[in-house]
């Protein structure tokens, strides 16, 4: 008798791939971007849904009905599908995926699921220089990842739920000790570091990714926002943002660059940022959230790697 398997995937692209290779089992698609905006620890609760719907409508023009159809309906499958012999999480090496993965694990624990949980995580691939996403793998590579899936221990699951709780909390400095802890999440430490660097730099008021956008403009011949978006997507490291998220960042940074008729160049303000000569915190400050905190309630000190509470 074959095993009854539940796959939780990181999006529609991977889900299509799993269907194409005829992988056995039911699939739930985790269509969220919990690395952005406010979050609530109890995934799927009324408060969680209200907070997320409001954020996605105001920032990405996603109607409430779409959120119900694309995410909440997937959560509702859990009760309809019943018990499984094992649950397999399919998430990638980056911050975008890891925050979603942590929330998914927390949801499973919250709903007292007792099935063994496994992780298929992309990243380093033998013979490849760059880290790879799951959908970038060949069918052979994808199946190799599946066959070598990692069984998550109780300690792993408790750690994931705890980090999700901290992410939804009010003191992101509490995440820093988790960087040094060992687990079966081999990219988690890098993702936590990347998250802490999303808070504004204490010297300039821009965070690491925003500053890197200006560095790309300074170092490359870039003629359009679409081209700039492509560069940022390729050189964003562990963030894993999509093009819509990157375009939000690019538009926010317009005071720091301009088009001279041939290409983008930095304005005087942009040059001051790269020189670390002026702080633009007050000009950039808004009410955007990272999990349980306002992004601008903390400053990142690049020398100590600590967050300073304002």
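Here are a few things to note about the model shown:
- Check on residue 200, buried (at least 21 other Cβ atoms within 10 Å of the Cβ) and either within 20 Å of the chain's Cα centre (by Cα) or more than 21 Å from residue 37 (Cβ to Cβ) (or both): yes
- In the set 236, 245, only one residue is under 20 Å from the mean Cα position of the chain (by Cα), part of a loop (DSSP other than H, G, I, E, B) and either closer than 15 Å to residue 216 by Cβ or not assigned by TED's automatic domain parsing to the domain that holds residue 94 (or both); that residue is 236.
- Considering the conditions (1) under 22 Å from the mean Cα position of the chain (by Cα); (2) over 27 Å from residue 129 (Cα atoms); (3) at pLDDT 95 or above; (4) surrounded by fewer than 16 Cβ atoms within 10 Å (Cβ to Cβ), residue 226 is excluded by exactly one of them, (2).
- Considering segment 273-310, and only residues there that are in a helix (DSSP H, G or I) and in contact (Cβ under 8 Å) with a residue 60 or more places away in the chain, the residue that is surrounded by the most Cβ atoms within 10 Å (Cβ to Cβ) turns out to be 273.
The rows are residues; the columns are (1) in the same structural domain as residue 28 (by TED's automatic domain parsing); (2) modelled with pLDDT of 95 or more; (3) under 24 Å from residue 28 (Cβ atoms).
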{"position": "99", "(1), (2), (3)": "yes, yes, yes"}
{"position": "102", "(1), (2), (3)": "yes, yes, yes"}
{"position": "120", "(1), (2), (3)": "yes, yes, yes"}
{"position": "125", "(1), (2), (3)": "yes, no, no"}
{"position": "128", "(1), (2), (3)": "yes, no, no"}
{"position": "131", "(1), (2), (3)": "yes, no, no"}
{"position": "136", "(1), (2), (3)": "yes, no, yes"}
{"position": "161", "(1), (2), (3)": "yes, yes, yes"}
{"position": "165", "(1), (2), (3)": "yes, yes, yes"}
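This table checks each residue for (1) assigned to a loop (DSSP other than H, G, I, E, B); (2) surrounded by 19 or more Cβ atoms within 10 Å (Cβ to Cβ).
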residue: 41; (1), (2): yes, yes
residue: 53; (1), (2): no, yes
residue: 70; (1), (2): no, no
residue: 97; (1), (2): no, yes
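- Candidates in segment 14-38 are the residues that are part of a loop (DSSP other than H, G, I, E, B) and more than 13 Å from the chain's Cα centre (by Cα); of these, the one that is surrounded by the fewest Cβ atoms within 10 Å (Cβ to Cβ) is 22.
- In summary, residue 261 fulfils each of the numbered conditions (1) out of contact with any strand residue (DSSP E or B) (no Cβ under 9 Å at 6 or more places or on another chain); (2) modelled with pLDDT of 95 or more with the single exception of condition (2).
- Residues in segment 72-95 that are crowded, with 24+ Cβ neighbours inside 10 Å and in a helix (DSSP H, G or I): 95 only.
- Beta carbons closer than 7 Å, at least 6 apart along the sequence or on distinct chains, pair a first residue in segment 63-89 that is assigned by TED's automatic domain parsing to the domain that holds residue 33 and on the phi < 0 side of the Ramachandran plot with a second that is part of a helix (DSSP H, G or I) and surrounded by fewer than 17 Cβ atoms within 10 Å (Cβ to Cβ) for 63/57; 64/57.
- Listing of helices (runs of 4 or more DSSP H) fully contained in segment 147-228 that carry 1 or more residues being within 30 Å of residue 271 (Cβ to Cβ), in contact (Cβ under 8 Å) with a residue 12 or more places away in the chain and in contact with a strand residue (DSSP E or B) (Cβ under 9 Å, 6 or more places away or on another chain): 188-196, 208-219
The values are calculated or read from the model by the stated rules, or taken from the named source; none is laboratory data. Keep in mind that this is a model prediction, so the values were computed, not measured. Positions of Cβ are backbone-derived with ideal geometry, glycine not excepted, and every protein chain shown enters the neighbour counts.
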